[in-house]
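Asks: The structure under discussion is supplied below as structure tokens; questions concerning it will follow.
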Amino acid sequence: MRMYDLITKKKHGGTLTAEELRWMVEGYVAGEIPDYQMSAMLMAIWFNGMTAQETTELTIAMADSGDRVDLSAIAGKKVDKHSTGGVGDKTTLICAPIVAACGGRVAKMSGRGLGHTGGTVDKLEAIPGYETAISREKFFSIVNECGVSVIGQSGNLAPADKKLYALRDVTATVDSIPLIASSIMSKKLAAGSDCILLDVKTGSGAFMKTLDDAIALAQTMVAIGEGAGRRTVALITDMDTPLGLGIGNSIEVAESMDVLRGKGPHDLTEVSLQLAENMLYLVGKGTIEECRRMAEQSIADGSAFETFCTMVRRQGGDDAVLRDASKFPQAAVQVQIHAHADGYITSMDAEKIGEASVVLGAGRETKDSPIDFAAGLILHKKYGDAVKSDDVIATLYTDSTQRGDSAAQLYHEAITIGTEKPPVRPLVYARVEKDKVVRY
Ligand code: URA
């Protein structure tokens, strides 16, 4: 086989066979296929796409390029969750303990923040003492004991994706549905859970800016999961506006605990409950309606919150900060943002608000920059809210006035205040199952 011939075939819109795709992935990981040839292939895929079969075969070859985690030491059905990334998206911290409290099993490997979007591992590391790197044995035993453990990605999981993603990043080939789908799903397949719930975000703060693209990506990923024998469902959720009121690592942990204690903001609570009910449905706990009731009950009776506290203690963390958020280290500088006019907030550019959080210190400017866990924003007014000139619409938290001033400017640019109340936007746009899309 020659890479030149495979590039030529894809350039003319041909279909690559399973054998060809596997040869290509293995050769690339082994360093036998150079970056320049793989770059040409990625661009040919970007222009000509891939069939569903090709995308599934590519994903399986990528998942097989490294270790596959064997979760058989954990009793019961395991369900994984993946979000395509957002601003203020802390739903894993909420739905994982809900699912565990209702008898599901969540053995989850999460990632760090990327660009303007946050990552679950960074949020968990804001809890003093919490260890995200633990042995496999300890990981399994915590899931067996309390139903959930969330750790950082470890081992040699889908190395083909690591290498391909780095190349896509510098060859303008990230935004291709088959390439995004194979990248995400190769890691999910390698992570070993029986079922997968996907949260595909759409809107200004998301990869997929339009609903149609988000549905197409969801359908592709659901088909890959099902094709590989994993029950897979996707929800398409809004990321035009940040989710909840808090952005930043310890701020998001505190807000998640509010939701788990039944006093969180409506949007975050509702999206988290819909994700949790679908995870419970996937592991066979009942109909969607029954799973919804179970999830709500686990908040009402405190079991989801206590499950999260138990997991945190087992992973070395101090649960005092979960019970009382004022015990988190606090930011030295606070900057209040005032409305510049009377009216309604008619748009919030989630991506720009995510960038403001990075400027404040809540995300990384470069791959190795340290994170300030106390940094971030609390939004006092959101999309659709009425505001009066000079109302405080947000508070920024950081360690220097210089960072605060730069982020304040970005925040002002991100917000539009108009005279007409804007239409209500759905929180969840659609649910995608094998061969079925329901739009709400
Ligand atoms: N997240 C991933 O893991 N891969 C992509 O290609 C895009 C988002």
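Just so you know, all these numbers are worked out from the coordinates, no wet-lab data involved. Computed from a predicted model, the values in this text were never measured in an experiment. Please note: Cβ atoms are built from the backbone with ideal geometry, for glycine as well, and neighbour counts cover all protein chains shown.
Asks: Could you pull out every residue, at least 5 positions away or on a different chain, whose amide H is within less than 5 Å of the one on Ile417? Hs are placed 1.01 Å off N in the peptide plane, and Pro or chain starts have none.
Replies: Those qualifying (amide H under 5 Å, at least 5 residues apart or on another chain) are Thr346.
Asks: Largest first and in whole Å, give the semi-axes of region 53-155's equivalent ellipsoid, each being the square root of 5 times a Cα gyration tensor eigenvalue. All intermediate terms of the calculation are to be shown ahead of the outcome.
Replies: Values: eigenvalues 94, 78, 40 Å².
Gyration-tensor ellipsoid for region 53-155: 22, 20, 14 Å.
Asks: Could you list which residues have their amide H under 5 Å from that of Val148, counting only those 5 or more apart in sequence or on another chain, with H placed in the peptide plane?
Replies: So Val148 has HN proximity to Val106.
Asks: Ranking Thr55, Thr395, Thr366 by Cβ neighbours within 10 Å, fewest first, what do you get?
Replies: Working: Thr55 24, Thr395 15, Thr366 5.
The fewest-first ordering by Cβ neighbours comes to Thr366, Thr395, Thr55.
Asks: Neighbouring Cβ atoms within 10 Å as the yardstick, rank Phe308, Phe328 fewest first.
Replies: Numbers: Phe308 27, Phe328 21.
Exposure proxy ranking, most exposed first: Phe328, Phe308.
Asks: Rounded, prolate or oblate: which fits region 373-440, taking a ≥ b ≥ c as square roots of the Cα gyration tensor eigenvalues, rounded meaning a/c under 1.5, else prolate when a/b beats b/c?
Replies: Oblate is the answer for region 373-440, as a/c is 1.5 or above yet b/c matches or exceeds a/b.
Asks: Can you sort Arg112, Arg323 by how many other beta carbons sit within 10 Å, fewest first?
Replies: On the way: Arg112 18, Arg323 12.
Lowest to highest Cβ neighbour count: Arg323, Arg112.
Asks: Can I ask one more? Determine, from the Cβ-Cβ distance of Ser389 and His12 and an R0 of 56 Å, the FRET efficiency 1/(1 + (r/R0)^6), rounded to the nearest 0.05.
Replies: Working: r = 60 Å, r/R0 = 1.08.
After rounding to 0.05, the efficiency reads 0.40.
Asks: From the square roots a ≥ b ≥ c of the eigenvalues of the alpha-carbon gyration tensor of region 181-255, which class results: rounded (a/c under 1.5), prolate (a/b over b/c), or oblate? Walk me through the intermediate numbers first.
Replies: Numbers: a/c = 2.73, a/b = 1.48, b/c = 1.84.
The shape class here is oblate.
Asks: Count the DSSP beta bridges whose two residues both fall in the chain, then state the antiparallel fraction as a percent rounded to the nearest 5.
Replies: Close to 55 percent.
Asks: Beyond 34 Å, what share of the Cα-Cα pairs of the chain remains, rounded to the nearest whole percent?
Replies: Numbers: 30728 of 96580 pairs.
I get 32 percent for the Cα pairs in the chain exceeding 34 Å.
Asks: Over the Cα atoms, compute the radius of gyration (one decimal) and Dmax (the largest Cα-Cα distance, rounded to a whole number) for region 302-387, in Å.
Replies: 17.0, 50
Asks: To continue, here is another question. Tell me, what is the FRET efficiency for Gln53 and Glu290 to the nearest 0.05, using R0 = 25 angstrom and their Cβ-Cβ distance as r? Don't skip to the answer; put the middle values down first.
Replies: Details: r = 36 Å, r/R0 = 1.43.
For R0 = 25 Å, the calculated efficiency reads 0.10.
Asks: Could you grab the relative contact order for region 31-120? Cα pairs under 8 Å, six or more apart, rounded to a whole percent. Could you put the intermediate results ahead of the total?
Replies: Details: 45 pairs, mean separation 22.2, N = 90.
Contact order relative to length: 25 percent.
Asks: Another question, then. What is the set of long-range amide H partners of Ser110 at a cut-off below 5 Å, with H atoms built 1.01 Å from backbone N?
Replies: When sequence neighbours closer than 5 places are left aside, the close amide H contacts are Ile151, Gly152, Gln153.
Asks: Extending each Cα 7 Å along its Cβ direction at Glu137 and Thr171, get the distance between those two points in nm, one decimal.
Replies: Those two pseudo-labels are separated by 4.3 nm.
Asks: Could you tell me how many degrees, from 0 to 90 and to the nearest 10, lie between the Cα long axis of helix 18-29 and the main elongation axis, the longest principal axis, of the Cα atoms of the chain?
Replies: 70 degrees
Asks: How many lysine pairs does region 65-214 hold where the Cα atoms are under 16 Å apart and the two sit 8 or more places apart or on different chains?
Replies: 21
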